[in-house]
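Enquirer: My structure is below; once you've seen it, I'll send some questions.
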Amino acid sequence: MDKESQYATNNELLSQIAEGDEAAFRQLFHQYAQLIHSHIYSIIKSETHTKDLVQDSFLRVWIHRDKLPGIENFRSWLVRIAYNLAFSYLRDKAIHERGDTKYAVKYSKSDQHSAEDDLHLQTLQQIIRKTVENLPPQQKKIYLLSREEGLKIPEIAAKLGLAVSTVKNTLGRALEALRGAIGEEELWLLVLYGSCLSAVASHLR
Amino acid sequence: MNEERIAYLVKCAVERTATADELTELTLLIREDERVAKEIESLLKVEKRDLSNQEIDAMADAVLKMDRPAKLRYMFNPKAIGWKRIAVAAAVIVMLGVGVYLLSHVDTNRGRVVESNHSDVNAPATNRAMITLADGTKVYLDSVDNGKLAQQSDVTVTKTNDGKIIYAGNASEIVYNTLSNPRGSKVIDMTLSDGTRVWLNAESSITYPVSFVGNERKVTITGEAYFEVTHNEKMPFRVSANDVLIEDLGTEFNVNAYKATITTLIKGVVKVLLPTKDGGQDQKGIVLKPGQQILGDKLVGEVDLEKVLAWKNNEFNFHDDNLEEIMDQLSRWYDINPVFIGQADTEYTGRITRTVPISQVLAMFEKLGYVKFEINGKDVKIIPVK
């Protein structure tokens, strides 16, 4: 099976993930884990940190779930995220080796730790949980109904007596807050709409 | 897009000769133009690597738990911890529903201190509470002698030899005093002019009339207080905490109002009036039975009273509490400033006396092996391990 057709049937999966469907997300994770893992490893050559960055890549997929159905080519979008994280990791490492402490704080020093235990991921998790905790009450309520009780958007709308669009927008705002909290909002807009921007840029040239 | 530059940068990156600036340049190029990633893909020598389904599942689990509340629970056996001899005899760890048992024997009484720790913070030795009188005068209780503290109308305020505050006498009009107990201060015990006794935790305050006049006895609290109310049907005793009003119907109860108001009934009957949307109180109220609690706007039955009253018994009592809640309690008592370094999403169960230095309390958590602490003056760093 060639790459394109293998990854062409994803639209439905992406729509399900957009609804907060964990099973669909796991399926997607299984489809792309090997690919993303190989690519990141070919750049950073560290087993432990590769796993860390694979998770980081998919975390970004997860907190962009509301935007997923709008992505034209999911595979190249994901690969781009993975490359960005991998080279950023090497940059942090280079800075650290030059004597800066940033790397030490962001990543565990030893390669012996398992990926789940990495400080970098733990820090992201802490930031995200704190952000969820501090969402405005209505956003938090809706977000937790989606995440803790696994309710779909229409189910949340029915439960709270709200319009489906209201729930959808509220969840979108909550996700926006999560993206903002890990400081990748701007990058992500660029990644998402990069094709338009580069089209404009080449037009201007 | 400059293919040559990209090829050069990627080559340097994978050969580890790239500078930080070059790597930054590369990430910027990736962000700017989606074709750069395609170019990099054609340059990389990607070897297919095998991941087991289990490995992938574990990674997916890790990602999906990131925006969900914690599920990990650690526990030290409460029965093994004496009041004076602080020991963790057995630690039970329940991890994601799979029980893992771990036994460790630690006797913190043998002067064990937190590793990597050079300073320590002792438990409050004195009470640093202050009474603000009606005229604005502030009376610092630790700087005054025992005996009569103040006279307001016919009401005298006395400090007893064991540090209790007693109001006695009558006044014809309502005059308010405020008792404030700061962080890092022992619990204070006060008797109001009607005989009602109030215990006030650290970082808490109570505002009350020096003598009760009219058809109700109303006090306002912040933080946490325990009441033993002298019942008087003609003059109901009411406690206002945040937006909640608690009405005594012959009672001993605890009010914790640090965050959401938590009212727990120990003895007798109380009625809790929750706030309504228009800023008033729902007059019907919820009548509590002993052992019941109102947490926020929810009625909780069969609560652990030992945990609720631990502060009054000079004890910390944790039950499935996460480090954030635990550090909240420690900050109030030791007046320290917790600094979280990384995610500490573990829950702990156990008890320990509040009379020991903070290092001994922290050592109990450290011994379970999932967190380390560093004390530096008033700052306590919380560093997850593993």
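Coordinate-derived values only; no laboratory data. These figures come from a predicted structure and were not determined experimentally. All Cβ positions, glycine included, derive from the backbone under ideal geometry; neighbour counts span all protein chains shown.
Enquirer: If you count, for every residue in A:139-145, the Cβ atoms of partner chains within 10 Å of its Cβ, what is the mean?
Expert: 1
Enquirer: Expressed as a whole number of Å, what is the distance separating the alpha-carbon centroids of the range B:348-371 and the range B:186-263?
Expert: Between the Cα centre of the range B:186-263 and that of the range B:348-371, the gap is 31 Å.
Enquirer: When Lys and Arg each count +1 and Asp and Glu each count -1, what net charge do the other residues less than 13 Å away from A:L144, Cβ to Cβ, add up to?
Expert: Counting the neighbours of A:L144, the net charge comes to +2.
Enquirer: To the nearest whole number, what is the average tally of beta carbon atoms from other chains within 10 Å of the beta carbons of peptide A:77-87?
Expert: 6
Enquirer: Give the average, rounded to an integer, of partner chain Cβ atoms located within 10 angstrom of each Cβ in B:12-23.
Expert: Rounded to a whole number, the mean comes out at 5.
Enquirer: Something else now. Report the net charge of residues surrounding B:R217, where surrounding means a beta-carbon distance below 14 angstrom and charges are Lys +1, Arg +1, Asp -1, Glu -1.
Expert: My count for the surroundings of B:R217 gives -2.
Enquirer: A further question follows. Suppose we take every Cα in the range B:123-239 and form the convex hull; what volume per residue is that in Å³?
Expert: Spread over its residues, the Cα hull of the range B:123-239 gives 92 Å³ apiece.
Enquirer: What FRET efficiency comes out for the pair A:N11/A:K152, r = Cβ-Cβ distance, R0 = 22 Å, nearest 0.05?
Expert: 0.75
Enquirer: To the nearest µm²/s, what D does Stokes-Einstein give for chain B at 37 °C and 0.692 mPa s, using the Kirkwood radius over alpha carbon pairs as Rh?
Expert: Translational diffusion coefficient: 132 µm²/s.
Enquirer: Quick check on chain B: helices-only [θ] at 222 nm, where DSSP H runs of length 4 and up contribute -39,500 (n - 2.57) each and the sum goes over total residues. Nearest 500, please.
Expert: Rounded to the nearest 500, it is -5500 deg cm²/dmol.
Enquirer: Right, here's the next one. Considering chain B as a Gaussian network with a 10 Å cut-off on Cα pairs, which listed residue, B:A20, B:A150, B:A58, attains the greatest mean-square fluctuation?
Expert: B:A20
Enquirer: Let me ask you something else. B:T24 to B:N232: extension gain in nm, 0.36 nm per residue of separation minus the Cα-Cα distance?
Expert: Gain in length upon complete extension: 67.5 nm.
Enquirer: Right, another one. How big is Rg to Rh over the range B:296-386, alpha-carbon atoms, Rh as the Kirkwood inverse-mean-distance radius?
Expert: In the range B:296-386, Rg relative to Rh is 0.98.
Enquirer: Any idea what the alpha-carbon Rg over 2.2 N^0.38 Å comes to for the range B:183-264?
Expert: 1.01
Enquirer: Here is a follow-up. Using only alpha carbon pairs under 8 Å that are at least six residues apart, calculate the relative contact order of the range B:241-386 and give it in whole percent.
Expert: The normalised contact order for the range B:241-386 reaches 15 percent.
Enquirer: Say the cut-off is 19 Å between C-alpha atoms; which of A:K141/B:K381; A:K45/B:K45; B:K307/B:K367; A:K93/A:K130 go over it?
Expert: Where the Cα-Cα span goes over 19 Å, the pairs concerned are A:K141/B:K381; B:K307/B:K367; A:K93/A:K130.
Enquirer: Let me ask something additional. Let me check against my output: what whole-number percent is the relative contact order of chain B, with C-alpha pairs under 8 Å and at least 6 apart?
Expert: 14 percent
Enquirer: Would you mind putting B:309-315, B:30-36, A:130-136 in packing order, based on average other-beta-carbon counts within 10 Å, highest first?
Expert: Put in order of decreasing packing, that is B:30-36, B:309-315, A:130-136.
Enquirer: Tell me, what is the FRET efficiency for A:E97 and B:M1 to the nearest 0.05, using R0 = 25 angstrom and their Cβ-Cβ distance as r?
Expert: After rounding to 0.05, the efficiency reads 0.25.
Enquirer: May I pose another question? Using a 7 Å offset from the Cα along the Cα-to-Cβ direction at both B:T207 and B:Y176, what is the distance between the two label points in nm, to one decimal?
Expert: 0.3 nm
Enquirer: To test your reading of the geometry: what angle, between 0 and 90 degrees and rounded to tens, separates the Cα axis of helix B:323-334 from the longest principal axis of chain B?
Expert: 50 degrees
Enquirer: Using a Gaussian network for chain B with springs between C-alpha atoms less than 10 Å apart, which of these wobbles most: B:T27, B:T207, B:T126?
Expert: B:T27
Enquirer: I would also like to ask the following. Taking a ≥ b ≥ c as the square roots of the Cα gyration tensor eigenvalues, with a/c under 1.5 meaning rounded and otherwise prolate when a/b beats b/c, else oblate, which class fits the range B:281-324?
Expert: Judged from the Cα gyration tensor, the range B:281-324 comes out prolate (a/c at least 1.5, a/b above b/c).
Enquirer: A further question on this structure: Once both axes come from the Cα atoms, what is the angle between helix B:3-14 and the longest principal axis of chain B, in degrees from 0 to 90, rounded to 10?
Expert: That works out to roughly 70 degrees.
Enquirer: Angle between the Cα long axis of helix B:34-43 and the longest principal axis of chain B, 0 to 90 degrees, nearest 10?
Expert: 50 degrees
Enquirer: Which one, B:A13, B:A123, B:A241, has the greatest fluctuation when you compute a Gaussian network model over chain B with C-alpha springs under 10 angstrom?
Expert: Among B:A13, B:A123, B:A241, the largest mean-square fluctuation in the Gaussian network model of chain B belongs to B:A13.
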